[in-house]
Amino acid sequence: MSVRGLTGLLFALAALLVVTGAAAGPPPVPGERAALAALKHAVAAGRLSPSAAKTDRGEIAHAVHLARVLASGQRVHVEVALEQVGALGRSLTSPRAAAVFGQLRANDDYFAHRGPPRNGTDITDADGVVYRYFPGRCFEFHPLANVSELNARVAAKDVAGTERLAAALAARAVSRRGGGIVWEYYFPFGARTPWVSGMAQAVGAQAFARAASLVPEESAAFLHEATAAFRAVPRLTTKVAAGPWIRLYSFSANPVLNAQLQSVLSLQTYATATGDTAASSLATRMEQAAAATISRFDTGYWTYYSLAGNPSPLSYAKYVVQLLRKLAPADPRFAHAADHFAAYLQQAPAFKLATAPVGSLRFWLSKPAYVSASTPAGPSVRLSLGAGWHTLRWGAPKRGGFYPISVTAVDYAGNRASFATLPIVSVANSGNRLASARRSAGTAPSSGAPAFAAGIGIDDASQAALAGPLGFGLVRMTVAWQPGQTAPDPGTVASLQALPAGTQLVLDLNAAELPGDDAGRAALAQYAASLARQTQSLHDLVLAPAPSLTTAPAYADALAAVRVAVVAVRTDVGVGPAFDGSATPQRTALALAQELVHDGARADFVAFRPAPVSSGGAWTAADVDRLETALAKGLGTAPLVLLDAAATPATVPPSELGAYTGGPPPVDDALSPAAQASTYAAAIGDASCSPGVSGVLLDRLVDNGAAPEPATGLYYASGDAKPAAAAVKTAIRSVARGAVVCPGVVARVTPTTLTFPTELSSSSAPSVALGCNRDCLYLVTLDRANGQPVVASRGSLNGGDPARTITLPKRTLRPGGYRLDVRLVSRVNPGAVTGQRSALLTVG
């Protein structure tokens, strides 16, 4: 007999003596009596065999001994495991005994020799059963970890390990009234024990179905377990508006995203392996519910773990992206969410600022992060903050001077962002001297972003009158070139010349048949130059259609010829290639760049039409940086990008259909007018945040009612505005004001107007006229010549608004020199404080 076996026998005899009262002993340890009573009732009720109970009593005795001899840091975990046995009371059955006594044995063996491990540590027993450590408790039997481990054994083609673990889990499966089996959790987690998980059941059904295919001789038994596990799943669902949702916890109806996505995938695998039509139907309905609800888990900068609004921990944020990638082929909504959620893992926190009382900082944080703030005005602050508005307070310092504030935030993924904001100002008392160094006028580093413009496609020059009031700085039109043409026909020229003065035109020169020889390229170049010469509104010329990998050499030759000819007559017109992100974009971009270099040519910009989803190597709007990198490898520097927004059709109400004389627009993929509005507005805002993007182009301004085309315009064919028109106007204005949150972008404020007074009097209230190029916070101070602040005023301005006169509080000034100091910081995407100071003003 082994030493542990002999020890166990002695412990069992000792326990028997305690129970029979044959000898007095020390007082029982927590859980001891309840555990022994549970065993006694289970045997008496026929739920547990006497031989099994004998073994279990030996484990109780071993645990009792350890609880008496171990240090407190080890003993407490053994006691918790023992108490969980007793907590089952009269509900102890053979499967539950296998689970909780296996758990007790695992804790006894572990803590007999070592102290507590890190949170989440897993250990396994001889059968491969997983026990997970939770601080303050013990190693717990964890159903989801176990069925996931069974899946891993199957994936590794570990036949022996699969058989052992499957048998052990089958022994721990608890039968349910009404049919089916469940694996129970025996530790409290916001509800009474035991409880179950719908997600664990779905993964369990999947794991056993997969095990059946790996181990043919056990196929019937494993399929029986898989089917029994699935039977519990429908009863472990709740409902959202779009359909059924898995209950991660049987006691909670709160929809958890990762649980739903994983359960869909697991049930699909199980249904395919078993031919279970009920499982297939449930998986389909759950998938549809997830696709329809996914946007509710998107904060715009991070993800929610559940619809209760709690943010995702990093591990779950990454896990959800993996699940969405697997589901992406089934629904573009999953692909879209995967792209967005993956981007959030790379984006730094973003900020907005608001005015606050002296000694305070009020800021908005885009995502959960660890925030530190420091200022000489008080102690440094280090906090874990959620997304939203926060206020930090230090109070006004007693000593006069300027007290700068700097803030750094690090999100869950380790992305870091910092900013400085307007300093705390303490106005000096008469006779005080400023202790800190004088703050001179400074500048902040520019983000390097080009001026951004929004544009839209129009069918004829008359529509440009609708585009201007919405804020569009560009309009796009198309002219088709036919091989051999050297000049546009007069009608084409007249239509382009009819554009209103001040319009900036992006012209797609469509050479559907690329010229293949020097003569053909010369004709195309002459045609392009003629267009440029006769069209004063031309701003950018795009050679279309976009090249493929095979046509890249001929396309580059044609583009080079066109650019030389256009620049010869109009140096203010940019010429660039069209580029399609849908077909082998990486190789095509490299080939195009290499061919342009070979021709000694360049591109002033690139007109990029992204793929709708990032599948098969396609590039979406989120891949602008990849396009820039690929082109820069060949060209040396990346050209600016004109980005096509995805053409988004909207449904047309019956009252508007009469204007669509060519037939009603197709409804496939059409969104509601409100959804189209939000999609276009978001596209403008997102594009403005990409530093290399100089503009975004929407598909069309007015629906084409003469043909049954998707209704992608901002106006119905009748000329009536859709909701998208107002939403786009607001979005363009927000971009112009600098009011769009752009993670990772540092914005600089410059004054559009700044007028200082030319003189001061001892009794005057000095003022400045101030306007900002973007939404800003300002601090205006009157300082003595030595930099000592005398009086201050702070507030906010909207970008682009007319200048405002800011008058400082009146104060009697003693004779001497003074300067007015203006400091500015961006209210959105703040970076550094910028400032300007007046000339020295003298009070006699």
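Of the residues making up region 752-777, those that are in contact with a Leu (Cβ under 6 Å, 6 or more places away or on another chain), of a type outside the set (A, V, I, L, M) and not in a loop (DSSP other than H, G, I, E, B) are Cys772, Cys776. Among the candidates Arg247, Arg296, the residue that is basic (Lys, Arg) and under 15 Å from the mean Cα position of the chain (by Cα) is uniquely Arg296. Residues of region 341-355 that are closer than 20 Å to Ser734 by Cβ and surrounded by fewer than 19 Cβ atoms within 10 Å (Cβ to Cβ): Lys352, Ala354, Thr355.
Working carefully through the options Arg399, Arg333, Arg393, find the one that is basic (Lys, Arg) and under 26 Å from Thr303 (Cβ atoms). Step through it out loud before you land on a result.
Numbers: Arg399 fails: under 26 Å from Thr303 (Cβ atoms); Arg393 fails: under 26 Å from Thr303 (Cβ atoms).
From the options Arg399, Arg333, Arg393, the qualifying one is Arg333.
A Cβ distance below 9 Å, combined with a sequence gap of six or more or placement on separate chains, defines the contacts here; from region 805-817, residues that are without any contact (Cβ under 8 Å) to a residue 60 or more places away in the chain reach residues that are open to solvent by 80 Å² or more (accessible area, probe 1.4 Å) in the pairs Pro815/Thr842; Pro815/Gly844; Gly816/Thr842; Gly817/Leu840; Gly817/Thr842. Quick one: in region 741-752, of everything that is in contact with a strand residue (DSSP E or B) (Cβ under 7 Å, 6 or more places away or on another chain) and open to solvent by less than 30 Å² (accessible area, probe 1.4 Å), which residue is farthest from Gly835 (Cα to Cα)? Top of the filtered list is Val741.
For region 43-53, the criterion of being open to solvent by less than 40 Å² (accessible area, probe 1.4 Å), closer than 26 Å to Pro117 by Cβ and part of a helix (DSSP H, G or I) is met by none of the residues.
The set of residues in region 273-304 being closer than 30 Å to Ala369 by Cβ and either of a type in the set (Phe, Trp, Tyr) or open to solvent by less than 30 Å² (accessible area, probe 1.4 Å) (or both) consists of Ala290, Ala291, Thr293, Ile294, Phe297, Tyr301, Trp302, Thr303, Tyr304. Condition check for Asp557 on (1) open to solvent by 30 Å² or more (accessible area, probe 1.4 Å); (2) without any contact (Cβ under 8 Å) to a residue 60 or more places away in the chain; (3) farther than 26 Å from Ser582 by Cβ: one failure, at (3).
Suppose we keep only residues that are out of contact with any Ser or Thr (no Cβ under 7 Å at 6 or more places or on another chain) and either aliphatic (A, V, I, L, M) or in a strand (DSSP E or B) (or both) within region 624-637. Which one would you say is modelled with the lowest pLDDT? Break it down into steps so the answer makes sense when it comes.
If we filter region 624-637 for residues that are out of contact with any Ser or Thr (no Cβ under 7 Å at 6 or more places or on another chain), which is where we start, we get 625-637.
With the extra rule that they be either aliphatic (A, V, I, L, M) or in a strand (DSSP E or B) (or both), the set shrinks to 627, 630-632, 635.
Details: Leu627: 95, Ala630: 94, Leu631: 94, Ala632: 93, Leu635: 90.
The residue in question is Leu635.
Checking each residue in region 81-96 for being under 44 Å from the mean Cα position of the chain (by Cα) and either touching a residue at least 60 places away in the same chain (Cβ under 8 Å) or buried (at least 23 other Cβ atoms within 10 Å of the Cβ) (or both) picks out Ala81, Leu82, Gln84, Val85, Ala87, Leu88, Pro95, Arg96.
Quick grid of which residues meet (1) closer than 30 Å to Ala736 by Cβ; (2) open to solvent by 10 Å² or more (accessible area, probe 1.4 Å); (3) among the hydrophobic types (A, V, I, L, M, F, W, C):
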residue	(1), (2), (3)
Leu760	no, yes, yes
Ser763	no, yes, no
Leu770	yes, no, yes
Asn773	yes, yes, no
Cys776	yes, no, yes
Leu782	no, no, yes
Pro789	no, no, no
Ala792	yes, yes, yes
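The values are calculated or read from the model by the stated rules, or taken from the named source; none is laboratory data. Here the structure is a predicted model, which means the values were calculated and not measured. All Cβ positions, even for glycine, are placed from backbone atoms using ideal geometry, and neighbour counts span all protein chains on display. Accessible surface is based on the protein model in full, side chains and every heavy atom, while ligands, DNA and RNA are left aside. Shrake-Rupley method; radii C 1.70, N 1.55, O 1.52, S 1.80 Å.
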